[in-house]
Amino acid sequence: MSSSTKPISVFSPAIMLPALRDAFIKLDPRQLIGNPVIFVTEVVAALVTVIFTQDLLTGQVGTSFSGQIALWLWFTVIFACLSEAVAEGRGKAQAESLRRSKTDLMAKKLLFPDRATDHASQIIPASTLQLGDIVIVETNDIIPGDGEVIEGVASVNESAITGESAPVIREAGGDRSAVTGGTQVISDWLKIRISAKPGDSFVDRMIGLIEGATRQKTPNEIALSILLSGLTLVFLIAVVTLYGLALYAGAELSVAVLAALLVTLIPTTIGGLLSAIGIAGMNRLIGFNVIATSGRAVEAAGDVDTLLLDKTGTITFGNRMASEFVPVGGVSESDLASAVLLASLADETAEGRSIVALARADYGISEPADATSAAAFIAFSAQTRLSGVDVAGRRIRKGAVDAVLRFVGLDKAQASAEFNKAVEAIARSGGTPLAVAEEDRLLGVVHLKDVVKPGIKERFAALRAMGIKTVMVTGDNPITAAAIASEAGVDDFIAEATPEQKLAYIRNEQVGGRLIAMCGDGTNDAPALAQADVGVAMQTGTQAAREAGNMVDLDSSPTKLIEIVEIGKQILMTRGALTTFSIANDVAKYFAIIPALFVATYPGLGVLNVMGLTSPQSAILSAVIFNALIIVALIPLALRGVAYRPVGAAALLSRNLLIYGLGGLVAPFIGIKLLDMAVTALGII
Amino acid sequence: MTFSGWLQIALVLIAVLALAKPLGLYMARVFAGERTWLSPIVHPIETGFYRLAGLRADQEQGWLAYAFGVLAFSFAGFLAMFAILRLQGFLPFNPQGFGELAPDLAFNTAVSFVTNTNWQNYGGETTMSHFSQMAGLTVQNFLSAATGMAVAIAVTRAFMRSGATAVGNFWVDMTRATLYVLLPLAIVVAIGFVALGLPQSMDASFAATTLEGTQQTIAIGPVASQEAIKQLGTNGGGFFNTNAAHPFENPNAFANYLNIIAMLSISTALVYAFGQLVGNRRQGWALIAVTGVLLLVGTGAIYWAETSGNPLLHAVGVDPALGNMEGKEVRFGQAMTALYAAVTTGLSDGGVNAMHSSLTPLGGMVPMFLIQLGEVLPGGVGSGLYGMLVFAILAVFVAGLMVGRTPEFLGKKIEAREMKLAMLAILILPLVILGFTAVSMVAPFGLSAITTPGPHGLSEILYAYSSAAGNNGSAFGGLSGNTPWYNTTLAIAMLLGRFAYIVPVLAIAGSLAAKPRLPGSSGTFPTDRPLFVGLLIGIILIMGGLQFFPALALGPVVEHFAMLAGQSF
C-alpha cells in the first residue's frame, strides 16, 4: 500500500480517464440530489437545454448564446462530478490491490476444533467462514479472515496491509494475538478463531472506506451543506424575483441569462468540491497508513483538546539508557567508565549496551584487546540482581544499589555519604541509579534514565500552539513520571497508570466538555480506546483494541496522532476556505452580470461594468465559464488540503481570510476579464 | 460635511456608549432576577401580577413553551388592538369623534403595532382617537418591545446554561422588561420631552390665530408620553403623520438628540447585558463595535450623499453649499438628519425626522440597505440582539471551519441543527421583501399605488416591504399604501418578519441551552477580538449585499446615475 500512496498528478491520464467516465455516471439526478447546489445547477442546465432546443427547432435567432450558456452549465455539473470521481479514483488503485489479496482465498477449517492436537481440516472458500469458526493456517498459507490466535506462534508477513515487509510475530494470548485476513504466515502455524462476519472483515472495511462506497456525510459536512442549500435558496429568490423587477423596468430577461446569473451566484465552487475534500482527507490519512472507520472520527480528530500518549515508545525510546557516570571515593570518571565498560561488554540488555555506548562515545574508553577472551561474565539474575565480570583478577559488579551494597558487604548506613547523595540525586531526578563496585570498593553510580525522543518537545509545543493539551500515561512512579514529563514538555501525566485510571481520566476530561484522543495496543487499553473520542489502535495490537478504537495505525507509531489531528483540521479548513472563496466570488459576478442585463434599459448602469467587458453577452458567458473552470482549477487544492500551521486560531483565520476571502474577491475580476478577452478574440459570441 | 456636524454625531453616539454599561448592568440584574434599586417599589407590583395570573415566577419553560407564550400573547394583543380600532367610534376619549377603521387598515395597524413595526398607513392626528392612541397603540408600544426583549433574554440564557432544557419563563421576562426597564425609562424620557417643549395634553386641539388673522386648528394630545416609548421601544409610530419631523414631536435640536439617544439606549445596553450575562463583557463590546462601525459608515454615507446635493438643483441655481435640503427640517440640519435616518433604520425604529423619499438616491438607498441588513444595528429592542446572534452564528461557522475546528460560539458547538434554524431565519427577509416587491411590481393592484414611476417607484415599494419585513415601520413616502393589497401584504410581511424569525431563533436557543458549554483553548477562535468584529461586519454586509444588490441596482442605483446624467423621477 505504501507504494501506491506516492503522489500521482491529479491530471494524469491514468486518473483522469476513468474519472471522466465516472463523472458522467454521477450525472444521474438520483445521485446528485445529495448535493443540492449541484443538483440545482443540473436542473437549470437541463431547463436551458430544453429551451435552446426548442428555439433551435422553431428557428429563433440568437440561439448560439443560449446554446453556449447551456453547454457551460453542463460543464459546471460535470466538473463537480469529476472532482469527486478524481478523489475516489486515487483510492481505487489501493482498493484494487487489497481486493486481489482477498479473492479466491481458501480456508482450512478444523474438523475437530475441540481436539487440541488433531489438525485435520477441510478446505472451504474463505468467504463462507462464519463468526467463531476455527481455522488452521500453516507456512505459506494466507490467513483467510480476521481473527484471534488461540494456539501457536508464527511469523506473519503483513505487508499486504501495512506495506511493511519485515514479518511480525503473532502468538496466542497477550497483545499480539490479532491477525488480519489477507496476510501470510511465513513460518510455523497458527490456530485462529475467526472474529469477523463474512464481508465485514478489516480488509472489507478498508476497501469500502477507500472507495468511498460506505462514505457517509460527516456532521460538519451536513451543517455546511445546509448553509450552502440556504444560500442557494436565497439566490433562487433573488434571481426569480429579479424577473419581476426587470419587467417593471421594461426589460424581459430570458431564461438563459437568469439561469446564468443563478448558477454563477450559488456556491457551486464549494458545492462541487465538498465531497472531494472529504474523500481526499480520508485518502491522505490512508497515505499515512492510518485507517479510520468513519469520517466522523477524522473530523473529531480536528477538534481534539487532549491527547493521551503512552510514555514508552512514544515519548521516550522505551528503554532506560545510561546518561552519566558518577564516581565516588576518589575514583576518576574514566576509571569508573572503563570498569563499568568491562562489566557490560557481554551484557546484551539495552541498558548494558547503552553503558558501552556511553563509555565509548562520551568518555573515549575502548576495551582492552583481550578483554573478552580471559573474562568470565556473570549474567544478571533475578536472585542476585547483579551482573559483572571476573577478569585479570578483578571482580567488577554492577546492579541495583542494595544488591551491590550487599556484594561489598556494607549496608546503606555504612556507605559513604557521597555515594548515598549520588544515589538520591539520581532517584530524585526520575532516573534509576545503578551502583558499580570492584571487590569491596564502591566505584560509583551509573545514571540510567528514560531518554526522551529528540524533537518530541517541539512537537508538543506545536500541539500546545494548536490548543491541544498532552498527557503522558506511564506505569512509572510519580517522581520518575514528573521528571520525564517536564523534560518532554507534556502538560500533565498519569503515573502508575492502571486501565481504570486511564478510563477515569478520559471521562473526567469529557465531563468538562473536552474531546480526547488516545492510542493504545493492549487489550487493557480497549475500554479507554472505546471511551476516547478518537481512539487509535495499533495494528500490532490485540483484536480487542482494534475493535474498540475508531482508527487503526498500520505502522503502529503512536506519534501519528499528531498527523491525524492535523488532517482532521485540514479537512475543515479546506471546506471553510473554499466556502469563503465561493461567496466572495459573487461580488465580481454581480459586477459582470447586472450591468450586462440592464445596460440596454438603463444605460447609466454601464458604469457598474468596472471590468470593461466587451458586450453584455460576452460578460455573461465569461462569468459562467469562469464559474465552471474555477472548479477544475481548485481540484488540486481540494485534494491536497489547505496548509495547516500550528500558529493558533486567530493567526490562522487572518491568514486564510486574506488568501481565500480577499483572494476570492479579487480573483474573479481578473479571471472574468481575461475570459472576456478570450471570448471576444475568438469571436464565439 | 462640517466639523460641527460630525461633532454632533460623535457626541450623541458617545452619550449612548456611556449609557450602555450602567443600563446594561442594570438589565442584566433585572433578567437574572436579582434585586435592583427599583425593587422596593416594583417588586410588589410584579408579584401582584403573578398572583393575579396564578403564575409561579420560578417555573421555567422549554423553548417550545416559550415560543408558544410569545405567539399567544402577541395574538391576544392583536385581537384587543383590532377590536379597539374597529370599535373606535363607540369608545371614550374621542374628542374629534373619529369613526372606526376599515377592516384592512385595522388589520394592518394592529399587526403593525403588535410586531413592533409601527408602519402607519394612517395619519395619526386625523384617524386615531386618544383612546386608540393610549389604550391601543401605546400599550402595544410597551408590550411588543417587552416581547422582543424577552426573546433576546431567552437566547442569552441558552449561552449561559449547559445541558439545560429550559430557557426561562416568557411571562416573567416580559413582565420584568415592562416594569423594570421600559416603564421607568419612559417616565424619565417623557418628563425630559415635556421639559424640551413637547405637548402633553388630553385636549384634541386648540385654535390659533395666524399672522394673517385666519383661524387655524392645531392638533395636540398626549404627545410626550407616546414619543418617549415610541423611541425607547424602537417602535417609531409617531403621534402625528409626519412623525418626528413634526414640531410637536421633535421641536428642537435638543429634543432631536434625546430622540436619537432614547432610540439607541436600550438596544445597545441590551447587547452589553448579553456580554455581562454570558460572562464575557468583551463579547458585548465586540458586538456593540460591529453596530457602531456599520452605523457610522451608514451615517457618513447619508451625510455625504445629502451634502453633495442634487446637481440638477444646483444647475437651476440652488446654493450647492446647503446640499439637498428637500424634505428636511432646518432645525436639525444635514448631520442630525443623516444620523437620525441611519439610526432609525439600522435600529428598526422607523420614526423619521425627514422624508426619506426626498433624500438623494444614494442617501435614500443607505437607510433601505440598513433595513435589509436585518435590523441588527443595533436593531429593535431584543430583536436586534437575537438577529445579531444569528449572524454571529453564521460568522462563527465560517470562521470555525477556517481554523480547523467544529465551530463554536461562546463554548457552544454550532452544528447542523443550529445552521438549519439560522438559515430558516435568514431566508425570511429575502423571501418576503423580494417576493412581495416582485409581485407588486408587475400586478396592476401593486403598480397603482406608485406615485412616481420609474426606478423611484421601485424604491418606494422595495422600501415598504423592507420596512415591514424588518419590522422597521419607516416609510419612504410617496407610496399610497392604504389599499387592501398593501394593507394585507404588508401586514403579512410584518408577521413573517417578526414571528417566522422568532420561532427558529427560540429553537436555536433551545438547542444551544441543551449543549454543554465547552471551555475555550488557543485552538478556539476568539469571538471578542477585532478580527471577529471585522469578520462579522463582512458577513452582514455580504449577506445583505448579495441578496439585495440586483433590486437596489434597479432602484436607487439607477436613479443615482440618472440624476448624474441629468434625469429626474
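The values are calculated or read from the model by the stated rules, or taken from the named source; none is laboratory data. Predicted model only: the values in this text are computed from it and were never measured. Neighbour counts run over all protein chains shown; Cβ positions are idealised from the backbone, glycine included. For the accessible areas, the whole protein counts, side chains as well, though only heavy atoms, and no ligand, DNA or RNA atoms are used. Shrake-Rupley method; radii C 1.70, N 1.55, O 1.52, S 1.80 Å.
Brief remarks follow.
- Per-residue average of Cβ from other chains inside 10 Å of B:419-427: 5
- Cut-off under 5 Å, modelled amide H: who pairs with B:F409 long-range: B:I414
- Extension gain for A:S416 to A:S334 (0.36 nm times residue separation, less C-alpha to C-alpha distance): 27.5 nm.
- Sorting the segments B:199-211, A:545-557, A:379-391 by their mean number of nearby beta carbons within 10 angstrom, highest to lowest, gives A:545-557, A:379-391, B:199-211.
- Net dipole in debye of the protein assembly as shown [+1 Lys, Arg Cβ; -1 Asp, Glu Cβ; about Cα centre; nearest 20]: 720
- If you model chain B as an ellipsoid using its alpha carbon gyration tensor, with each semi-axis the square root of five times an eigenvalue, the axes come out at 35, 29, 23 Å, biggest first.
- Among A:N477, B:A110, A:G132 - extreme Cα towards positive end, dipole of the protein assembly as shown, charges at beta-carbon: B:A110
- Rounded to the nearest 20 debye, the dipole size of the stretch A:494-652 about its Cα centre is 680 debye, using +1 on the Cβ of Lys and Arg and -1 on the Cβ of Asp and Glu.
- Label-to-label distance, B:F445 versus B:A195, with points set 7 angstrom from Cα along the beta-carbon direction: 5.1 nm.
- Accessible area (Å², per residue) of chain A, counting only protein heavy atoms and a probe of 1.4 Å: 39
- Estimated FRET transfer efficiency (B:L25, B:L71; beta-carbon r; R0 30 Å; 0.05): 0.45
- Value of Rg to Rh for the stretch B:316-452, rounded to two decimals, is 1.10; Kirkwood radius and Rg both from alpha-carbon coordinates.
- Among the protein heavy atoms, those of B:V16 account for about 10 Å² of accessible surface (1.4 Å probe, every chain in place).
- Alpha-carbon Debye profile of the stretch A:278-360, log10 I(q)/I(0) at 0.13, 0.22 Å⁻¹: -0.63, -1.04
- Cβ-based net charge around B:A244, under 10 Å, with every Lys or Arg adding one and every Asp or Glu removing one: -3
- Simple rule: put +1 on each Lys or Arg Cβ and -1 on each Asp or Glu Cβ in the protein assembly as shown, find the dipole, and look at A:V451, A:T268, B:S466; the Cα lying farthest toward the positive end is B:S466.
- Cleavage-rule hits, GluC sites (Glu not before Pro), the stretch B:363-453, DSSP coil, Cβ neighbours within 10 Å at most 12: none
- Stretching B:L64 away from B:R529 to a fully extended chain increases their span by 164.0 nm, per 0.36 nm per residue minus the current alpha-carbon distance.
- Highest average first, the peptides B:121-133, A:477-489 ordered by how many other beta carbon atoms sit within 10 Å of their residues are B:121-133, A:477-489.
- Rg/Rh for the stretch B:402-560, where both radii come from Cα atoms and Rh is the Kirkwood radius: 1.09
- Packing rank of B:441-450, A:123-132, where each peptide gets the mean count of other beta carbons within 10 Å, highest leading: B:441-450, A:123-132
- The sum of -39500 (n - 2.57) across all DSSP H runs of n ≥ 4, divided by the residue count of the protein assembly as shown, sets its helix-only mean residue ellipticity at 222 nm to -18500 deg cm²/dmol.
- Counting only other chain Cβ atoms within 10 Å of each residue's Cβ, the peptide A:294-304 averages 2.
- Average partner coverage of A:584-590, which counts Cβ from other chains inside 10 Å: 2
- Charge dipole (debye, nearest 20) of chain B; +1 at Cβ of Lys and Arg, -1 at Cβ of Asp and Glu: 1920
- Between B:L11 and A:D118, the modelled labels are 10.7 nm apart [label points 7 Å from Cα along Cα→Cβ].
- Kirkwood hydrodynamic radius of the protein assembly as shown, from the reciprocal of the average inverse Cα-Cα distance over all distinct pairs: 35.3 Å.
- Projecting the Cα atoms of B:L182, B:A269, B:S357 onto the charge dipole of chain B, computed from C-beta unit charges around the Cα centre, puts B:A269 farthest toward the positive end.
- Among the listed pairs A:K398/A:K449; A:K109/A:K197; A:K502/B:K412; A:K449/A:K560, those whose Cα-Cα separation exceeds 22 Å are A:K502/B:K412; A:K449/A:K560.
- Ignoring lysines fewer than eight residues from B:K230 along the same chain, the ones with Cα atoms less than 25 angstrom from its Cα are B:K21, B:K328.
- In terms of Cα atoms, the Rg and Dmax of the stretch A:465-593 work out to 19.6, 71 Å.
- Local electrostatic count, B:W171, Cβ distance below 14 Å [Lys/Arg +1, Asp/Glu -1]: -1
- The 1.4 Å probe gives accessible areas that order A:M106, B:M134, largest first, as A:M106, B:M134.
- Measuring only protein heavy atoms, the 1.4 Å probe finds B:L79 accessible over about 90 Å².
- Paramagnetic reach from A:Q501 in the stretch A:441-457 [backbone N under 19 Å; point 7 Å along Cα→Cβ]: A:450
- Estimated FRET transfer efficiency when R0 is 56 angstrom, pair B:V330-A:S615 (beta carbons, to 0.05): 0.70
- Percent of C-alpha pairs per 10 Å bin, the stretch B:162-203, short to long: 23, 29, 24, 14, 8, 2
- Label-to-label distance for B:S205 and B:S162 is 6.5 nm, based on points extended 7 Å past Cα in the beta-carbon direction.
- Calculated FRET efficiency for the pair A:Q130/B:S4, C-beta based, R₀ 51 Å, to 0.05: 0.05
- In summary, the convex hull built on the alpha carbon positions of chain A has an orientation-averaged projected area of 40.7 nm².
- Extension gain, A:D390-A:T58: 0.36 nm per intervening residue step, less the Cα-Cα distance, totals 108.6 nm.
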